[in-house]
Amino acid sequence: MKKSIQPERVRNIGIMAHIDAGKTTTTERILYYTGRVHKIGEVDDGAATMDWMSQEQERGITITSASTTCFWNVEETPYIFNIIDTPGHVDFTIEVERSLRILDGAITVICGVAGVQPQTETVWRQANFYKVPRLVFINKMDRIGANFLKAVESIKTQLQAKTIALQLPIGSEDNFEGVIDLLSMEAVYYDDSSLGANYIIKEIPKDYEEQAYIYRDQLLEIVSEYDDSILEKLLDDIEVSTSEIEKALREATLNNSLIPVLCGSSLKNKGVQKLLDAVAKYLPSPLDVSSIEGVNPKNGEVFSIVCSEEGPLCAVAFKIVNDPFAGQLTFVRVYSGSLKSGDAVYNSSKQKTEKTGQIVKMHSNKREDVGRLSAGDIGAVIGYSHTTTGDTLCSKSSPVILENTHFPAPVIDIAIEPKTKGDQEKLHQALECLVKEDPSFRYKLDEDTGQILISGMGELHLEITVDRLKKEFKVLCNVGKPRVSYRETITTHSEVNMNFDRSIGGKEQYAQFRILFEPLASGSGFVFKNMVNKEALPERFVLAIKQGIVDSLDSGVLAGYTLIDFKATITTGSYREESTEMAFRMAGSLSLRDGIRKAHPIILEPVMKVQITVPIEYTGEVIGDLNARKGKIRGMEEQYGTQFLTAEVPLAAMFGYSTDLRSATQGRAVYTMQFSQYEPISQNLFNEIVGNSQI
């Protein structure tokens, strides 16, 4: 692990996809062909290197993003790949979010049979948001029903992406043998006896020549749109070299103008080496990524941070892991400068100085001491106690804050309680540890019942969390049934003229302001705006009003659910000599409750996007069951004797659905589910939750 490679030959990449598309299987082959491991671990056997958690091995899915580093040579030029294998299940999409936040490029794995699936769309949107260049690997070309061209078309239509096929498969399903390289116009066949480590280059089979030349011409035509010299050569009927095509492809990929597409079968050990070549050739190095923006916390000045080891330290903590032996492991991406063991660094997000302990590179859950991380590198640090996900680490003499990652709110709760008094303190410590690791996990005390409510992104998320409490933290607890995490919002405008004039603790407290509350579109969250000048209302009092409102957002007026999707605007305000920030903070909280009551509040429930893959003969039963659950069918597509259904269903109706679906289809149907949007609940459900009392 001591190899030193220049930053231009470093690739920080993630592997992302829908669940069961073959991400971890692809990663295992990458580790094997790069010499990082000497035996291929299979997901189905619970032996995959990157799925190290017991919960992952038991279920055969990736739960937490795992990182590793490996080396690869392309035409005798060495490259270093820092790879993060991300989960595919929607309950753990936060792992993808915070990984994409710091990665330079990504491989999107797509099933050659199903094409683009719901979670593919989610991770694609995340990659678009962070402007991450990517390649697509069409996997499972050996499966029955695999169709490379149809999978490519699904990328164009469903993801609205401009693709360019660099390969064509030779055969498909049981007859899948290898790939045709459209740049070199050669056929690549993989040797099964060496687990695909060796491959043979041959001429393109006669049966595929015509198709290969058609797609080669398409490739040149697409590339010429991004390179004038190639266009001129095509117009003059001059041969275009492979190196010229690769150069133009690289530039278009880095600009997110094109998505190169390759194919293979990771399980059958075919196509992965060419994928590694493509990562080196087309995905960015840290030097290729446009400079990121930071903010000087002292004066608010925005400036660019360039990847340079000579610059001041700038790094971001993107993941926290509790190691049972080492304590807190803080995963960091260094953007500028360098980080060495023993360094004192400044956490500008927390305004605290941290002492850098041992610096390691991670290979799954194994630590390898490196002592130093340079600009563009990814690693982990032992010893930061105050740092949490999203914090910026820098030099105190050159402070900077990078944009933080935004995490979705949980949609499902369960109540838990310790079995014994001895477990009570252990439970609180364990929950604090889990919250620090996973920003999409929350917990709070239910004041009505005295129980602890833990909240997450889905049933599986909470199931895994409870399992970790028992196995990892040795906490015995009783667990209730999952329940929906409802929300509250407003439907009309309201205005509150707040006059707060009280004597508290023998001191006069005064605050006066007028505030307007307005409903916002679904997904907008809470927005705060101030329209009063600083002379009339100093900024510290405005911030106190905002904090008072934020403090009360988790306690709606109807049933105590979190308030979302509304805007609060201060339109007038005044203060006196005796005014304090506490007075304005208390007034802010009171104004919220008053304003929400006047604005016709309603309760919202989470609605889920559900995709079901079911044999055609069971389609009627499945649709009938979805209708009974108040679901709305949004799409149906038949393919190879299988029906693909897309529906929107209230989360409250989906508890236990997995068992019901298996029972109705003799275990032959599968489904995935992800949060779609919040919608108003029915009047019957409202009466059930709130009762008939007037607000």
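The values are calculated or read from the model by the stated rules, or taken from the named source; none is laboratory data. Keep in mind that this is a model prediction, so the values were computed, not measured. Neighbour counts run over all protein chains shown; Cβ positions are idealised from the backbone, glycine included. All accessible areas refer to the heavy atoms of the entire protein, side chains included, with ligands and DNA or RNA removed. Shrake-Rupley method; radii C 1.70, N 1.55, O 1.52, S 1.80 Å.
Tabulated data
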read-out	value
Most positive-pole-ward Cα, 427, 399, 439, against dipole of the stretch 398-446 from beta carbon charges	427
Gyration tensor (alpha-carbon) shape descriptor, the stretch 469-527, a/c threshold 1.5	oblate
Filtered trypsin sites (Lys or Arg not before Pro), the stretch 249-346: DSSP coil and at most 15 other beta carbons within 10 Å	298
Cut-off 17 Å, label 7 Å out along Cα→Cβ of residue 292, residues of the stretch 93-131 by amide N	95-106, 126-131
Solvent exposure ordering (accessible area, 1.4 Å, most first) of 473, 325, 176	325, 473, 176
Proximal charge balance of residue 200 [Cβ under 15 Å; K/R count +1, D/E count -1]	-3
The chain, dipole about Cα centre (Lys/Arg Cβ +1, Asp/Glu Cβ -1), debye to the nearest 20	2280 debye
Around residue 286: net Lys/Arg minus Asp/Glu count, Cβ-Cβ under 12 Å	-2
Whole-angstrom gap from the stretch 215-260 to the stretch 483-522, using each part's C-alpha centre	59 Å
Coordinate range along principal axes, alpha carbons of the stretch 470-572, Å, largest first	58, 40, 24
Pairwise centroid distance, computed over Cα atoms, of the stretch 168-198 with the stretch 312-334, Å	40 Å
Global geometry of the stretch 208-274, whether rounded, prolate or oblate, following the gyration tensor of its Cα atoms and the 1.5 cut on a/c	oblate
Eligible aspartates and glutamates near residue 630 by straight Cα distance, threshold 20 Å, same-chain separation 8 or greater	459, 605, 621, 648, 660, 679, 688
q = 0.08, 0.09 Å⁻¹: log10 I(q)/I(0) that the Debye formula gives for the chain, counting C-alpha atoms only	-0.72, -0.90
